[in-house]
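Single-structure report; data block below.
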Amino acid sequence: MPQQIILAYGLLAVLISIVHAIGRKAIISRIASSLFLVGQLGLTLAVIRFAGATPFGFFTFDSFAIIFLSVGTLIAVAAFCHSRRYIVEEEGRQDSLVRAQYFAALTALTAAVSFAVLSADMAVTWIFVEVTTLSASALIFYRRTPGAVEATWKYVFACSISLVLVYVGILFASLSMGSAESEGVSYAALTTLLASLDPFWLKMAFIFVFVGYTAKMSLVPMFTAGIDAKDKAPTPAAAMLSSVVMNAGFAGFYRFYAIVSHTSIAHWASSITLFTGLLSVFIAAVYLVRVNNVKRLFAYSSVEHMGIVMIGLAAGGVGVYAAILHLVLHSLAKSAVFFHISNFYRVFGSKHISHMGQYIERTPVGGAFLILALLCITAMPPSGLFLTEFIVFKSLADTSSWLSLALLMIVLCVIVWAISRDVLAILFLAPKHTASHKAVIETNPPVIETFWQFTLLLLSIWLGLFTPDWLQKLILEATSLVLQ
């Protein structure tokens, strides 16, 4: 049964993408999107129902997959809902072919991310993460402007180079298996050979895999292309890039890190992971101090939060639990924020912070959302991220990593100040400049969009402060991959 589910979902995703690509009418797009979302929900429920299954040996329905598939499905539904109005607003400037390509790419991206988090093989993960590059590039290219073209080529080039590095890392991982390399590079096969894996080739594999996946995870050193992509992509697509695509990259890294953590190079790998996390948080702080673009503001915030995830993972112990929960909460909160950016365009006609101001007076509901979003993104109470960051701090203290803890806390203070300065200016101060584009003044965002944005944000708070037992159990089972 699980094998039939995988095949049915894959076939559905391909067929719906084709229907979107060749069906130019809006009604066809709406029907096809609805059918795909039903299939996406069906896949999620089936993975939960058949938890523990390993269809074809290339996929796994384990706790890690259940967590991030569920998060991805929820955000994908919201993305399709937001895309409908976004496309309608752009209809006067774009033809039906562009709309068709957009929904085909959004379908392919959602399916690729789903398969990536379900993957039980290094090569299969690599394949579907590469598909996310191709489908995301079509979304970034949506407006066909010079800036969009440049961002698309940057994203394709950077991600292609990074995934070549991952591919080389996979080859090194197979070399570390010695004579058993014929068994393939599934995570299960590597796990059974932990005692015999060659440390030299395993180190080489870790470096290439880690650096390669940083492009998707928005980490140093390959984070820059993702920043441009989130800036130029339509806001529903940017929300996907800042959440589920990052999760797909993390899935590829985490499953391999779980193997490395049980070998003789575990301490060495955790040191590299910790350094990369700290450096990513620092780099994010440097850019956040001077940024004047609201999409880039929140994109650099994603670099910060993924850095915190890496720090928690490297600290080990309860830090691994905090890292996974932090990523879940961040995905929900950050996607909600990116969805809301569409309303900035409608109210101010710009994405530049200097063109924005007195937002809470122009749209009270939007202002209330932005205040809550500020608390969530900066990990201030009642944000669930406050709890996960506190646990990361504790995990660093438990391992006597006092210098890392001190550096992290200092840099986070700078980040909180930088983000709060810009967001509070948008909320309460008068705009410094007038936007060149005419704004469409609205009292409040559309009801359906407001519902999804507040739902995702409040869910991030609730799951963090009042984590239900079933989610705790899933996360603990996912952490056992590293801590067992």
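Throughout, read-outs are computed from the coordinates displayed, never taken from laboratory work. It should be emphasised that the depicted structure is a prediction, and the values quoted were computed from it without experimental measurement. Positions of Cβ are generated from backbone atoms using ideal geometry, with glycine treated the same way; all protein chains shown enter the neighbour counts.
Here are the numbers for the structure shown:
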| item | result |
| --- | --- |
| Computed label-point distance, nm, for sites residue 354 and residue 380 using a 7 Å Cα→Cβ extension | 2.6 nm |
| Test item: Cα-centred dipole of segment 337-427, Lys/Arg +1 and Asp/Glu -1 on Cβ, debye | 240 debye |
| Charge dipole of the chain about the Cα centre (unit charges at C-beta), most positive-ward option of 124, 313, 156 | 156 |
| Fully extended contour minus Cα-Cα distance, from residue 157 to residue 275, at 0.36 nm per residue | 39.9 nm |
| Dipole magnitude of segment 381-484, debye to nearest 20 (Cβ charges: Lys/Arg +1, Asp/Glu -1, about Cα centre) | 300 debye |
| Segment 153-283, relative contact order in percent, only Cα pairs under 8 angstrom and at least six apart counted | 27 percent |
| Pairs from 203/473; 203/232; 154/203; 295/394; 351/394; 334/473 whose Cα-Cα separation, in the structure shown, is over 27 Å | 203/473; 203/232; 154/203; 295/394; 351/394 |
| Distance from segment 12-90 to segment 98-133 (C-alpha centre basis), Å | 11 Å |
| Using a Förster distance of 60 Å, the FRET efficiency for residue 402-residue 26 (Cβ separation, nearest 0.05) | 0.55 |
| In sequence order, calculated HN-Hα J values of segment 185-194 (Karplus, 6.51, -1.76, 1.60; Hz; x Gly/Pro) | 10, 6, 5, 5, 5, 5, 5, 6, 10, 3 |
| Value of relative contact order over the chain, rounded to a whole percent, pairs C-alpha under 8 Å and six or more apart | 14 percent |
| FRET E, pair residue 180, residue 14, Förster distance 35 Å, beta-carbon r, rounded to 0.05 | 0.55 |
| Label of the coordinate-derived value, Cα Rg over 2.2 N^0.38 Å, listed as (i) 1.28; (ii) 0.93; (iii) 1.00 | (ii) |
| Loop-exposed chymotrypsin sites (Phe, Trp or Tyr not before Pro) per DSSP, neighbour cap 15 Cβ within 10 angstrom, longest uninterrupted part of the chain | 51-465 |
| Longest site-free stretch - the chain; sites: GluC sites (Glu not before Pro), DSSP loop, at most 15 other Cβ within 10 Å | 92-441 |
| Rel. contact order, % - alpha carbon contacts under 8 angstrom, at least six apart, segment 46-142 | 31 percent |
